[in-house]
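A quick write-up on the structure given underneath.
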Amino acid sequence: MKNKFSLIVPVYNVEKYLEKCLNSIINQTYKDFEVIIVIDGSKDNSESICKKYAENDNRIKIIKQKNKGLSEARNEGIKKATGDYLLFIDSDDFIELNLLETLNNALEKDIDLIRFQANNIIDEKIIPYNETPFETTNGLDAFNKIRKYHYVEPVWVYLYNKKFWDKHNFKYVKDCVAEDYGLIPYVIACAKTVKSINYIGYNYITRVGSLMTSKDYSKKIKRIEDMIFQRNNLKEKLSTINNSENILAFLNDALIYHITTLNKKDYKKYNKKLKELNCYDLLKTDTLKHKIKKMILVHNSWFFYHYLVRFL
């Protein structure tokens, strides 16, 4: 029997957080869903926890694979999903108990994407990001609105029509970090119908040791290299979509911000590389703040950019 929703949950060494995540899923007020858990070579007790839940709930399906990374885990989960709609949940986060019910009530015929909102939880402190919702519109118009939100590209703040996803054969790039950056803006651009609802349904946990908070300098370099690769890949795809310049501008802006986290030597190296890729051509100059930002970039001033402009 086909389900309404397929929830895809990649799992890798998250035993401390996993039960809270799975409890938030199986106790949903809306019951018509399946859970695709992808055990991505996890080395801790996560697999046995998942098996315990699967034994007591036949909606849970477990896929086990050697460690291939988050991108490949999500790709594998999508292959196995049978629901009408896709939802992605990271296994160290959790969702609100009425998320599926709220999304089901918000569904419209032939909707491609629904955007909802998220809390960021840091050391048990909840930081909500209240966003202005919008009625159904096309993907490019929706992106121009979403671009002003706090979270833009994370996969877990959207509901996806499975037919729409399959039609475009969306896939995560293998072995790349910043994987959402390299896919979700393009997914939004391809959508014909997108709406944003005024509902906080996802709880994103910022934890020590994650890729986003790691102090390992080599991971920062890996992230930027992967972002450059994915940006170039998306630029080629976006060239087939009229009026998609704002999406490319967003990708460029994200890259420019991330190089400011590097030391002076590497900042200059990657700043030069981004200039060669014309990443600064679409920078806004409509306000004094934006004009100052572009001027400093043109002069390649690491000190001012590192300590001032990236916060403008």
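Using the number of other C-beta atoms within 10 angstrom as an exposure proxy, rank 57, 90 with the fewest first.
57, 90
With each pseudo-label sitting 7 Å past Cα toward Cβ, what's the residue 245-residue 269 distance in nm, one decimal?
3.3 nm
Give the Kirkwood hydrodynamic radius (Å, one decimal) of the chain, defined as one over the mean of 1/r across all pairs of different Cα atoms.
20.5 Å
Restricting to region 5-206, compute how many DSSP beta bridges are antiparallel as a %, nearest 5.
On the way: 13 of 39 bridges.
Close to 35 percent.
Working from the alpha-carbon coordinates of region 83-239, get Rg over Rh, Rh being the Kirkwood radius.
0.96
Going by average Cβ neighbours within 10 Å, how do the peptides 195-204, 238-247, 20-29, 7-16 rank, with the highest at the top?
In descending order of packing, they fall as 7-16, 195-204, 20-29, 238-247.
Straight-line reach from residue 79: which lysines have a Cα under 17 Å away, not including same-chain ones fewer than 8 places off?
Of all the lysines, those that pass the test against residue 79 - Cα under 17 Å, at least 8 places apart if same chain - are 2, 4, 61, 64, 66, 68, 162, 163, 167, 171, 174.
Under a Cβ-Cβ cut-off of 9 Å, what is the net charge of the residues other than residue 192 that fall near it, where Lys and Arg count +1 and Asp and Glu count -1?
Around residue 192, the charge tally is -2.
Tally Lys/Arg at +1 and Asp/Glu at -1 over every other residue whose Cβ is under 10 Å from the Cβ of residue 114; what's the total?
0
Taking 22 Å as R0, compute the FRET efficiency from the Cβ-Cβ separation of residue 56 and residue 105 and round it to 0.05.
In this case the efficiency is close to 0.20.
Modelled label-to-label distance, residue 43 and residue 149, 7 Å Cα→beta-carbon offset: nm?
It works out to 3.6 nm between the two label points.
log10 I(q)/I(0), Debye, Cα-only region 148-266, no solvent, q = 0.12, 0.15, 0.16 Å⁻¹?
Taken in order of the listed q values, log10 I(q)/I(0) reads -0.50, -0.78, -0.88.
In a shell of Cβ-Cβ distance under 11 Å around residue 91, excluding residue 91 itself, what net charge do Lys and Arg (+1) and Asp and Glu (-1) give?
Numbers: positive: 16, 20; negative: 15, 19, 40, 90, 92, 93.
Result for the neighbourhood of residue 91: -4.
Along the Cα→Cβ direction, 7 angstrom out, place labels at residue 120 and residue 20. What is the inter-label distance in nm?
If labels sit at residue 120 and residue 20, their model points lie 1.7 nm apart.
We did not get these values from a lab; they are worked out from the coordinates using the rules stated. It should be emphasised that the depicted structure is a prediction, and the values quoted were computed from it without experimental measurement. Don't worry about glycine lacking a Cβ; one is built from the backbone with ideal geometry, like all the others, and counts go over all protein chains shown.
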